[in-house]
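Below you'll find the structure, written out as structure tokens, and then a few comments.
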Amino acid sequence: MIKTLGTEDTLENAGLTDEEQQLFSNARPRAYEPYPIKAVEDFANWARANSLWILAFGTGCGAIELRPLMTARFDANRFGVAGRPTPRQSSVFIIGGYASVKTLKRIIRSYEQMQGPKFVIALGICPINGGMYFDSYNTVNRFDQYIPVDLYITGCMPRPEVLVAGIMELQNKIKAGRCDGANRYVENFDWYKANQKKVIKNWDMPDYNW
Amino acid sequence: MNLRDLLSPFFVWQRAFEKPYTSIRPTIDRPGAPAYRGFHINVSEECVGCGSCHSICQNHAIDMVPAAEFEGRTGDSGLRPRFDYGRCCWCGLCVDICTAASLRMSNEYAWISEDPDEFHFTAGVDDKPWQNNEHGYRRAEGYHLYPPKRIEMDMLSPDESVQSFEEVARGYSEAQAKLEADRCVECGICVATCPAHMDVPDYIHSIRDGDYEKGLQLMYRTNPFPATCGRICTRRCESVCPVGILGEPVAIRWLKRFIVDQVDAKDYPRILNDQIIESGHRVAIIGAGPGGLSAAYYLRKKGHAVTVFEAGETAGGMLRYGVPSYRLPDADLDKDIAYIVSLGVDIRYNTRIGKDIDFEQLLQDYAAVFLSTGLSVPSNMRIQGEDHARVLSGLQVLADVASGRDPGIGSRVAVIGGGNVAMDAARVSRRLGAEVTILYRRRIADMPADEEEIHESQEEGCNIVPQAIPVEIIAADKPQQVSIKWGEAEMVQDPTGGRPRPVLQEDRMHTDTYDCIISAIGQGSDLDFLSKENQQQLAIEWGKFTPGEYQQSALQKVFVGGDVANRTADAISAIEDGHHAARGIERLLNPDGFTATQTDNTGEPA
Amino acid sequence: MNTVDEILDYAIDQEQQAADFYEDLAGRVEKGGMKEILMEFSAEEQRHKQRLLAVKSGEHELTPEQEVLDLKISDYLIDVDATDDISYQDALIVAMKRERAAYKLYSDMAEKLPESHLRKVILGLAKEEARHKLFFESEYDERVLRDN
Amino acid sequence: MTLSTGHSAALDFAQPEPPDLSSGKYVKLWQGPQHPGITGNMSLELVLDGDTIVSCKTHVGYLHRGFEKLMERRSFIQNFTVVCRIAVPEPTFNEYLYSHAVEEISGIEVPERAIWLRTMNLELMRLASFLMWIGGQSGAFGQYTVPNWTLAYRDYVLDLFEEMTGARIYHMYIVPGGVRAGLPDGFEERAREIMKGAEKLLDQIERVMFNNVVFKARSKGLGIITPDMVDPYGIVGPNARACGLARDIRKDEPYLAYDRLDFETISGNEADAYGRAYLRLQETRQSINLIRQCLDHAPTDGPFQADMPNVLHWKVPAGETYVKAECTRGEYGYYMVTDGSEFVRRVHVRGPSYTHAIAVMERLAVGTNIADIAGLMVSLHTYPPEIER
């Protein structure tokens, strides 16, 4: 049963046909609220930090170094990291480098479908400032304009070793309760949407796909 | 399906007894390989800020930013590369092209941050943990992205050159010039170093394009003596050329000469297209040397009526009298001067200020006066017996030869001094058939003469005796001869600072006899034409003017320049003084229309 | 001149005379820029005098042991006259020669004396003059002997 | 060996009637771009009847970066750093072909040492790429042991690359004019040791993977490429060789030092996924052999770079050329046109994945089971970044 909200809280979902409008929620995302008791929240963060499930979406060249990371040599499983096939089960989204506009659309859909609390790691130089393809007509340069990124790992490509280090860093951040990218997304939702719609010309999806 | 197929997967158990692949602590145990291309290291002291790394970076990941501690160093742009690790792809081309080999890479690869704006740093300036890493990518020996060796200029062999006054350097062919022009990395450090700030990279570019007319136009913007400077410039540009740090500097001077040699003098008016709109002001210039004529050219372009007063019979000053024709043929000097004169510059020869016309008179008659009389009085050694008839002055010998007179040097000559005049006097003497010994009080490396002049004079058979201090000139037995007593010197470090100084060793004295001794230990100015009052008014220090802004002296209408007003005493500085003074005079005469970045008649920056 | 104070007084007087000499010459010369240089020489001599005064009052010590570099430039130059139209080169020669003469005077004097405190002081003064000579000789080496 | 030139026969492949989705009999399913069974970032639009595929359409463009355009505004030296990004798992073939095309047009002779180092580099790349592919093929059929072995072992080969070139993935070692450095000290010993281990690993893989009843059952008969498909579809490399054609550019039109290396073109006679996989396993062994030969023959001194002009304003004379090389997936080609300026006029990159992943995939997928799509796709050995550039 889809809850209907007051108009001030609803999304337009203007990209959808009238028929499809019925199929998607028009509710805005809600910010994550920590548990009122700090010890409980700390425990939850500890648990989250030690079971990072990665969305296996080979968005760019970065995918090439995720395979060594997940296999025997670097064996990320021992850090509680596992690859998951679907966004619904994942808590960490790894953006593997550049994103073409067409991929950006899928990235946004996948990211929004992830269950909170969720985190984003951006690999390589391209998400930071455009990298190799800074002057390409088909890629986006600064990723933080479209998706809140919790951690950047520079390199082209970043080695699996530094991915391990990055994951450890992310764990520390989560344990310290400083990974608030998803909340940032909620708080600045309109800004992010406006940026996304600026580059994605054929916006034929709901404004928020949760 | 057979049984073997069914069982074979269980073979994996065998691997349980093998060493696992897993790296236990990957972040600690696995540094990058010794030649890994990791984060950048820049040895800032070696870096000259040429910006080649910036030019070659296809991702615009390198910006050249000012680094305060390196500003103002000679041959250093004061800029240092700033890296953006949101762009860098670690290709290492910047390391490969680095002219000073100061840019390297460490084998460090980990940089994680929450903030995308954080991935910037100025290598070698910002403190980073990897900047002393011993490992990392370095350019391999024998790997170049530009040719390190210069294209050799064809030269007359010493045997041939010593026979005649023909020009020694034969000039580049078009193919040679293009290859040499190709070596330029277009950093512009030469522009900053050149006293005249000639636009070197651009005219070298015009050689690559084969557009010599454009090259000529570019050169005339800052230097109306390109044919001359293309031959005898002291080329401070080449001494700072970053290509020369690991290889040989770009032959900027020869390339300049090449452009001029490609253009016929009769095409100059069409190419340079100097349109003159008369301004009605009259300006006097004292001395028709490079400084005076340079000022004349730029003043004439501004439309001022220019009169040049020259004490000698011809124009060119030291370029004509002081530089022998095997270095600068008269035809090439005349090419430059003829174009300046063709713009309507009035030169009054054989007119000495103070004798033929009074300085005060000039001040009254002209709106401004540019004074560049040069250094024309040879210095004395002030040693016993110096006034002997067989002691000649180097300048006099050169002037005699330039005017076709016989200096009467005989067949065994000693030249005293280590400057360009000494070298020229020695080489001229060789051409006149004499056997030449050069006595110099310091080491050969300390000689103020151009390196190539020293080298060529040695090749032509001049015997250089370094660390030889003359102490006395003695009359010889024959009246046509003269003896010199000189002592060997040891170089001693001066505890009060400065370069090592020669100290005479009194126990090692020698006396040699020559047909003549040519003294070429320097020249001084002759400012006697100025009245006592004027002398007191114009700031003069050690016989030289100390001009203010735009070469203006303490007297508002008087501008000074050339050897008599600068420390370097070379042609290119004199040319810039003239150009600069022309700007100053323009400011004086036309204060309303003057801006610092004013354009001249051709619509280009003056 | 038998006591240390007497010899110091003499030396101080000599420096003052030198300073006066340059000042006087500066008043007469007409060449542009020459006046400033002579006034500089005079100021240099005044500095020497101040140094000796400091020695006298005990604030400063002479260092007779220290070796001073002798460039021997002035030894072989001809004497020049301090005329009104003296040149830069000649002014330096005059200064060098004067310092050389003073140095000679003190070192000859010291040679004749037996080992004593007085001898040490005179030797110290000689070294002091040698240092002044080095100053002018270095200046000559830098400015006049550039190309030589 | 008779080659079929039956263009018409192959093109007669009847496209099935577009299924009527509104009939309710079919289900339309998008596989990818976010899907673990897809090799990279692309998607397949499948129409299913039950779990049998009725039609397949490949959608690309998720990785398009516009390389060919980017190259037109970068200088000739800058481009060599860009091209390696075209095919992420096999960058050096791009480096080599780009450099070779530039050298061909500008008439630069590459020194002998550089030729051998380039050959070795390419063969090491082939080894690394095949190791990864074997892992992918096995993983696509649900066996996760083999990827753990091969990807870890590939990392040892990457370690060799790191020593030799200074980077793991984007080596940027083959530069127009030669290579960037000689071999580091002790490289040869380490390389031989790793080759030895790789041979042993391949034996184990043959046993665990290729004799595996599950792998056999799932791959045999899957995606059969008949010889008459080869020419019309532009099928190249192992995919073509597996159906019996002996086509290998290394042998047919030798480049670099291949004419001095001792090897034979391998061709198989099983044209299904199993046959292709087995052929690649053998080619991996061949590659190890070639690397050993390169180590034997490569000169240890002498120049490794030709005399180059100043690359900052390097003008390559006007001309055009097509150069090709045999990469792991088949013929890889560069077509380059220059106009005498400092920039390239046009570059076209011809990668084998384009035909394999689009036309061939769309045909072979029809009639297969949805669970086999991932395996089929890997068995064609396609790299989406190379399709789109």
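The values are calculated or read from the model by the stated rules, or taken from the named source; none is laboratory data. Everything quoted here is computed from the prediction, not taken from an experiment. Every residue, glycine among them, receives a Cβ derived from its backbone with ideal geometry; neighbour counts consider all protein chains shown.
Quick notes on this one:
- Conditions (1) under 26 Å from C:Lys120 (Cβ atoms); (2) of a type in the set (S, T, N, Q); (3) in a loop (DSSP other than H, G, I, E, B); (4) more than 12 Å from chain B (Cβ to nearest Cβ); number of the one not met by C:Gln50: (3)
- As a summary of the residue check, C:Thr83 satisfies the conditions (1) over 30 Å from B:Gln537 (Cβ atoms); (2) more than 14 Å from chain B (Cβ to nearest Cβ); (3) hydroxyl-bearing (Ser, Thr, Tyr) except for the one numbered (1).
- Looking only at the stretch B:379-399, and only at residues there that are in a helix (DSSP H, G or I) and within 13 Å of chain C (Cβ to nearest Cβ), the one that is farthest from B:Ala426 (Cα to Cα): B:Leu395
- Of residues in the stretch B:515-560 being over 22 Å from B:Glu360 (Cα atoms) and buried (at least 24 other Cβ atoms within 10 Å of the Cβ), the one farthest from the other protein chains (Cβ to nearest Cβ): B:Cys516
- Looking only at residues of the stretch C:82-100 that are of a type in the set (A, V, I, L, M) and within 17 Å of the chain's Cα centre (by Cα), we find that the one that is farthest from C:Phe135 (Cα to Cα) is C:Ala82.
- One residue stands out in the stretch B:3-21 among those that are part of a loop (DSSP other than H, G, I, E, B) and out of contact with any helix residue (DSSP H, G or I) (no Cβ under 8 Å at 6 or more places or on another chain): the one that is farthest from A:Asn77 (Cα to Cα), namely B:Glu18.
- Among the residues of the stretch B:185-219, those identified as among the hydroxyl-bearing types (Ser, Thr, Tyr) and either surrounded by fewer than 24 Cβ atoms within 10 Å (Cβ to Cβ) or touching a strand residue (DSSP E or B) at 6+ places or on another chain (Cβ under 8 Å) (or both) are B:Thr193, B:Ser206, B:Tyr212.
- Qualifying residue in the stretch B:450-457 (condition: buried (at least 24 other Cβ atoms within 10 Å of the Cβ) and under 15 Å from B:Ile517 (Cβ atoms)): no
- Verdict on D:Ile358 being crowded, with 23+ Cβ neighbours inside 10 Å and within 15 Å of D:Ile38 (Cα to Cα): no
- Flag for B:Ser457 being more than 10 Å from chain C (Cβ to nearest Cβ) and outside any strand (DSSP E or B): yes
- The stretch C:26-51: number of residues that are more than 12 Å from the chain's Cα centre (by Cα), in contact (Cβ under 8 Å) with a residue 40 or more places away in the chain and farther than 22 Å from B:Phe545 by Cα: 1
- Taking the stretch D:292-371 and the strands (runs of 3 or more DSSP E) fully enclosed by it, no element has 3 or more residues that are within 14 Å of chain B (Cβ to nearest Cβ).
- Of the residues making up the stretch B:400-437, just one is within 12 Å of another protein chain (Cβ to nearest Cβ) and surrounded by fewer than 24 Cβ atoms within 10 Å (Cβ to Cβ), namely B:Gly419.
- If you go through the stretch D:139-159 and keep only what is more than 11 Å from chain B (Cβ to nearest Cβ) and within 20 Å of the chain's Cα centre (by Cα), you end up with D:Gly139, D:Ala140, D:Pro147, D:Val157.
- Qualifying residue in the stretch D:90-108 (condition: part of a loop (DSSP other than H, G, I, E, B), away from chain A (no Cβ under 13 Å), under 24 Å from D:Met71 (Cα atoms) and in contact with a Gly (Cβ under 7 Å, 6 or more places away or on another chain)): yes
- Filtered residues of the stretch A:18-66 (kept if closer than 30 Å to D:Ile38 by Cα, more than 14 Å from chain D (Cβ to nearest Cβ) and modelled with pLDDT under 85): A:Glu20, A:Leu23, A:Phe24, A:Ser25
- Those strands (runs of 3 or more DSSP E) lying entirely in the stretch B:67-171 with at least 1 residues aliphatic (A, V, I, L, M) and free of Cβ contacts under 8 Å to residues at least 60 places away in the same chain: B:79-84
- Condition met for D:Glu162 (at the interface with another protein chain (Cβ under 8 Å from one of its Cβ atoms), of a type outside the set (Val, Ile, Thr) and within 30 Å of B:Gly136 (Cα to Cα)): yes
- Residue match in the stretch C:86-107 (condition: more than 25 Å from C:Val144 (Cα to Cα), of a type in the set (D, E, K, R) and either in contact (Cβ under 8 Å) with a residue 24 or more places away in the chain or assigned to a helix (DSSP H, G or I) (or both)): no
- Tally of residues being of a type in the set (Gly, Ala, Ser), closer than 19 Å to B:Ile189 by Cβ and surrounded by 21 or more Cβ atoms within 10 Å (Cβ to Cβ) across the stretch B:14-58: 3
- Filter result for B:Arg80 (charged (D, E, K, R) and either surrounded by fewer than 16 Cβ atoms within 10 Å (Cβ to Cβ) or within 7 Å of another protein chain (Cβ to nearest Cβ) (or both)): no
- Residue within the stretch C:57-74 that is assigned to a helix (DSSP H, G or I) and more than 14 Å from the chain's Cα centre (by Cα) present: no
- Just one of the listed residues (A:Tyr111, A:Tyr185, A:Tyr192, A:Tyr133) is within 13 Å of chain B (Cβ to nearest Cβ) and either among the aromatic types (Phe, Trp, Tyr) or on the phi > 0 side of the Ramachandran plot (or both), and it is A:Tyr133.
- On the stretch given as the stretch B:496-512, residues that are in contact (Cβ under 8 Å) with a residue 60 or more places away in the chain and either surrounded by fewer than 20 Cβ atoms within 10 Å (Cβ to Cβ) or more than 9 Å from every other protein chain (Cβ to nearest Cβ) (or both) total 1.
- Some residue of the stretch D:252-265 being surrounded by fewer than 18 Cβ atoms within 10 Å (Cβ to Cβ) and touching an Asp or Glu at 6+ places or on another chain (Cβ under 6 Å): yes
Table: residues versus (1) assigned to a loop (DSSP other than H, G, I, E, B); (2) closer than 14 Å to B:Ala110 by Cβ; (3) hydrophobic (A, V, I, L, M, F, W, C); (4) at pLDDT 90 or above.
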| residue | (1), (2), (3), (4) |
| --- | --- |
| A:Met132 | no, no, yes, no |
| A:Ser136 | yes, no, no, no |
| A:Pro148 | yes, no, no, yes |
| A:Gly166 | no, yes, no, yes |
| A:Asn172 | no, no, no, yes |
| A:Asn183 | no, no, no, no |
| A:Tyr208 | yes, no, no, no |
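- Within the stretch C:92-148, being away from every other protein chain (no Cβ under 14 Å) and surrounded by fewer than 16 Cβ atoms within 10 Å (Cβ to Cβ) holds for C:Ala101, C:Lys104, C:Asp108, C:Glu111, C:Lys112, C:Leu113, C:Pro114, C:Glu115, C:Ser116, C:His117.
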